[in-house]
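Reviewing the structure listed below.
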Amino acid sequence: MGFANHRQQSVLLEGERRRSSISSVPSPQTNPNSPVKKKRTPRWSDVWLKNTNSLENVILAMKLQSFSKDSHIPTPNSKTKPLLANFCKIDRTLLLSDELLLRILSKLPDSQRNSNFLVCKRWLNLQGRLVRSLRVMDLNFLLSGRLILRFPNLNRVDLVSGSLMSSRNSGILLSNRILSMHVDSWFLPVPGVGEENILDDMVIDKGLKTLASGCPNLRKLAFIGGSEMGLLSVAEECETLQELELHKCNDNLLRGIAACENLQILKLIGNVDGLYSSVVTDIGLTILAQGCKRLVKLELNGCEGSFDGIKAIGQCCQMLEELTICDHRMDDGWLAALSYCENLKTLRIMSCRKIDPNPGPDEYLSPCPALERLHLHNCQLRERRSAKALFVTCGAAREIFFSDCWGLVDGIFSFASHFWRVKFLSLEGCSLLTTQGLESVILQWNELQSLRVESCKNIKESSISPALSSLFSIFKDLKWRPDTKSLLSSSLTGTHMGKKGGRFFKKTWDMKVLPGVHDHTSTRQT
């Protein structure tokens, strides 16, 4: 008999000997003549050895593994070969607990986690526990309960795409800056066509209730449609909800937002041209202001309103630091209400056909005291009164960004002299602004330290004056690319920019000689 077979038989005999010895010992309960023993207090060793099933399985696996090392020894009657062959096929991760395996899987990079779903059902379930963010493409997956079973620890969910009845197999994608959906070839782009493809409010409310009951730790949620009842169910179950994105929002829906006491980031989309139309007025903004007093960031997209709505937000939401107004339909005079936002630090105005055509008398305009950044992107600045009122209201800004703003001519830009503490200016895509218009304003800003000019074709190097060139030499950061042919560059004889400001320029810039430049060594500041 081979060595391996002999060792295995000895192990089996030893186990039977132990069982027979245990069965032969009479118990105190069966033997009436046995003396009564006093009960002793349980010790740690008793608790440890009370259930030895798991320990015996581990010992058996270790012994079988040692046998597998000697399996190359030939035996005339080897009955252990099938056992050893099957042991090699056993998943050894079964010896690890779920908690330990979860810790191991969580250490893997995101690029390798997706393949873990395909290993086995156990890994599929464990990997689902690690998923925190999910975009739902089919609302039936949520309504059936499979989403909660598969991903029980979600805290960021997007239901917008799953609430649209779109053709999944279509290769045509209708995309908007806010929303995108697949459409069929017979699709006709008529106004309001998106409303026909949105699921019924009752179905969306049911999905919100299912999600709220299964994911009470939800922190971020985005959905479209629904009613105040669905939003109330989310607010009651998910007390940790901090970020909310509401598409096709209206005043009635905002009635349920008052229960979201811990909400910090809110995005309201009321009207999207060509897709759907919804109305958010001063009533909804007032309900929002009184219910969500901890707001830090607010975005109003396609919303109506006026002075009263913005004033209510400024007075109630005293923690508000960032306000974004996009494609607004507000009444005249709303700009004057921005002064009530005392802690506002960032103001973004985007894709607006108008700012405020009738802002009212100048004496009613006062600047936001804590404002630091003003972003104007894709806006029309053709009206002088509107531009002046905006610049007066935002006069305390330190960083100003103009990007693809129509109508920004020298006369409109001259009102920027109302900014009194600007340190950074960015101009991009402002094709009507000239070098003279730029120079007339920035020479008045004594604190200006950084300038970025890109794709402004009417700003020419040939028009740069000695005073402007001297100002360039003391900038901490300068990016000068008004067009593809014009780049500040390397041969700056007489400007001394190579001695002081040159270290702030990128090495890839190709520099040219600035015309009319003289030696400004005596006038440069340290």
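The values are calculated or read from the model by the stated rules, or taken from the named source; none is laboratory data. Note that the structure is a prediction, hence the values are computed from the model and not measured. Virtual Cβ from ideal backbone geometry, glycine too; neighbours counted across all protein chains shown. Accessible surface areas use protein heavy atoms only, side chains included; no ligands, DNA or RNA. Shrake-Rupley method; radii C 1.70, N 1.55, O 1.52, S 1.80 Å.
Scanning segment 355-381 for residues that are over 17 Å from Arg329 (Cα atoms), touching a strand residue (DSSP E or B) at 6+ places or on another chain (Cβ under 9 Å) and at pLDDT below 95 gives a single hit, Cys368. Within segment 219-269, being over 15 Å from Ala289 (Cα atoms), over 21 Å from the mean Cα position of the chain (by Cα) and among the charged types (D, E, K, R) holds for Glu228, Glu236, Glu237. Annotation: of all residues in segment 236-267 being assigned to a helix (DSSP H, G or I) and over 24 Å from Ser144 (Cβ atoms), the one that is most open to solvent (accessible area, probe 1.4 Å) is Arg255.
Going through (1) under 24 Å from Asp331 (Cα atoms); (2) open to solvent by 10 Å² or more (accessible area, probe 1.4 Å); (3) of a type in the set (Val, Ile, Thr) one by one, Ile412 falls short only on (2).
If I filter segment 228-235 for residues that are among the aliphatic types (A, V, I, L, M), assigned by the TED database to the domain that holds Pro152 and not in a helix (DSSP H, G or I), do I get at least one hit?
Within segment 228-235, the first condition is being among the aliphatic types (A, V, I, L, M), and the residues that meet it are 229, 231-232, 234-235.
Still in the running and assigned by the TED database to the domain that holds Pro152: 229, 231-232, 234-235.
Narrowing the set further to residues that are not in a helix (DSSP H, G or I) leaves none.
No, segment 228-235 contains no residue that is among the aliphatic types (A, V, I, L, M), assigned by the TED database to the domain that holds Pro152 and not in a helix (DSSP H, G or I).
Pairing each residue of segment 94-114 that is over 15 Å from Leu124 (Cα atoms) and basic (Lys, Arg) with any residue that is at pLDDT below 70 and surrounded by 13 or more Cβ atoms within 10 Å (Cβ to Cβ), provided the two are 6+ apart or on different chains, yields no C-beta distance under 8 Å.
Could we say that Trp445 is among the hydrophobic types (A, V, I, L, M, F, W, C) and open to solvent by 60 Å² or more (accessible area, probe 1.4 Å) here? No: the conditions fail for Trp445.
Restricting segment 84-124 to residues that are open to solvent by less than 90 Å² (accessible area, probe 1.4 Å) and acidic (Asp, Glu), the residue that is modelled with the highest pLDDT is Asp98. Taking the criterion of being closer than 17 Å to Ser426 by Cα and either touching a Pro at 6+ places or on another chain (Cβ under 7 Å) or open to solvent by 20 Å² or more (accessible area, probe 1.4 Å) (or both), the residues of segment 358-379 that qualify are Glu372, Arg373, His375, His377, Asn378. In this structure, Val392 does satisfy being open to solvent by 10 Å² or more (accessible area, probe 1.4 Å) and either outside any loop (DSSP other than H, G, I, E, B) or aliphatic (A, V, I, L, M) (or both). Taking the criterion of being in a loop (DSSP other than H, G, I, E, B) and among the aliphatic types (A, V, I, L, M), the residues of segment 315-355 that qualify are Met319, Leu320, Met330, Leu344, Ile355.
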